[in-house]
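*Asks:* Dumping the structure here so I can ask a few things about it.
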Amino acid sequence: MAHDLRPSHGGEGPPLPTARGRVSAAVEEYLRGAGPPPRHEDVADTAVYGDDLQLALYLCYELHYRGFAGVPETHEWDPDLLRLRAALEHRFLTALRADAPTHDSVEDALADLLVEPVDGSGVSHYLCAEGELWQLREYAAQRSLYHLKEADPHAWVLPRLWGRAKAGMAAVEFDEYGGGRPDRVHARLFADLMTDLGLDPAYGRYLDEATAEALATVNLMSLLGLHRALRGALVGHFATVEITSSPASRRLAEAMRRTGAGPAAEHFYDEHVEADAVHEQVVRHDVIGGLLAEEPHLAPDVAFGIDVTGHLEDRLADRLLGAWRTGRSSLRRPLRSEMPLTF
């Protein structure tokens, strides 16, 4: 069943979520026209990977996508919000540069991505081997923050590339957007997956449930995509996604089949097994190869994009697996069954 991915609140974006601290509360008040932006000292004192800062940054970034119900569209370029976003980004990027493991070269970083561990213990391995349906539902809810706008953050880099890199990137993005067929757009396929799992496919529906670790993975894409100076890191991030997607999608498709999640749930990941295996070659040889042929000085940035993506994905995996292995929900609040399962 195909879904209209427009928000379910008329022509507006989703409603603003519940604030998670002083900074995100002040951002929401400002967006509503009810107060000033957060104070500098509050931004400086907030935990960089915590719920409050990550939600505040997500709110700022979402203005560049679909926005929020009741928030004027002109806030996208509000000078006070842009200054706030810059302060939040500075804290986030500084922490990432300090905390992410580093490779000496792009070649070394890519080599590690291309080697599948024999005894893998990541999220897709867990879900494939022993995951339960309720855990697959939680995983989909967390990932919906990205997958319902799949490929959009990466599209920001297209005007910053040229030649072989631009052509390769555009080719992959064309596939992500369904190859010209609206029913094949990957975000729509994910909405169908959510319906199979009894989840609400409305854009932004699970923002309140998503953890800081999940927010950080999406914030990273927006951070890298919106800054021309970080175009190399965005390409590194994109390479990580495409190289690791095919084997992980194979395991997730098997998890969907094993648990009887439904045909659309299986299809979303089956689609990525084949498509991303092809995309991997294009990204490595054309996008990265083309970029570094034109701008070899960006090699450290490409490696950084690979490394920091792995760092944040590892943090999310620790959150998910730490909860699931002890029988607890990984979400900020457990899901309720909102739609009848379709299988």
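*Asks:* Quick one: is Thr46 closer than 23 Å to Asp301 by Cβ and outside the structural domain of Val218 (by TED's automatic domain parsing)?
*Replies:* no
*Asks:* Can I ask one more? Is it the case, given these coordinates, that Glu176 is closer than 17 Å to Val241 by Cα and either crowded, with 19+ Cβ neighbours inside 10 Å or at pLDDT below 95 (or both)?
*Replies:* yes
*Asks:* Check Ala253 against each of (1) more than 27 Å from Arg66 (Cβ to Cβ); (2) free of Cβ contacts under 8 Å to residues at least 24 places away in the same chain; (3) surrounded by fewer than 19 Cβ atoms within 10 Å (Cβ to Cβ) and name the one condition it does not meet.
*Replies:* Of the numbered conditions (1) more than 27 Å from Arg66 (Cβ to Cβ); (2) free of Cβ contacts under 8 Å to residues at least 24 places away in the same chain; (3) surrounded by fewer than 19 Cβ atoms within 10 Å (Cβ to Cβ), the odd one out for Ala253 is (3).
*Asks:* Here are some conditions: (1) surrounded by fewer than 19 Cβ atoms within 10 Å (Cβ to Cβ); (2) closer than 27 Å to Asp183 by Cα. Arg228 meets all but one. Which one does it not meet?
*Replies:* Among (1) surrounded by fewer than 19 Cβ atoms within 10 Å (Cβ to Cβ); (2) closer than 27 Å to Asp183 by Cα, the lone unmet condition for Arg228 is (2).
*Asks:* Here is a follow-up. Six or more apart or on different chains, Cβ atoms under 8 Å: show the pairs whose first residue is in region 274-289 and assigned by TED's automatic domain parsing to the domain that holds Gly236 and whose second is outside any helix (DSSP H, G or I) and buried (at least 18 other Cβ atoms within 10 Å of the Cβ).
*Replies:* From residues that are assigned by TED's automatic domain parsing to the domain that holds Gly236, the pairs are Val287/Leu161.
*Asks:* Residues that are touching a residue at least 12 places away in the same chain (Cβ under 8 Å) and closer than 22 Å to Ala303 by Cα: list the helices (runs of 4 or more DSSP H) wholly contained in region 85-180 that include at least 3 such residues.
*Replies:* 106-114, 152-155, 163-176
*Asks:* Then there is this: How about region 20-38: which of its residues are β-branched (Val, Ile, Thr) and within 14 Å of Asp78 (Cβ to Cβ)?
*Replies:* Taking region 20-38 first, the residues β-branched (Val, Ile, Thr) are 23, 27.
Within region 20-38, Val27 is the sole residue that qualifies.
*Asks:* Quick check on Arg258: is it over 18 Å from Ala151 (Cβ atoms) and in contact with a helix residue (DSSP H, G or I) (Cβ under 8 Å, 6 or more places away or on another chain)?
*Replies:* yes
*Asks:* What residue, among those in region 208-260 that are touching an Asp or Glu at 6+ places or on another chain (Cβ under 6 Å) and of a type in the set (Ser, Thr, Tyr), is nearest to Leu53 (Cα to Cα)?
*Replies:* Result: Ser245.
The values are calculated or read from the model by the stated rules, or taken from the named source; none is laboratory data. Predicted, not measured: the structure shown is a model, and the values here were computed from it. Ideal geometry is used to build each Cβ from the backbone, glycine not excepted, and the neighbour counts take in all protein chains shown.
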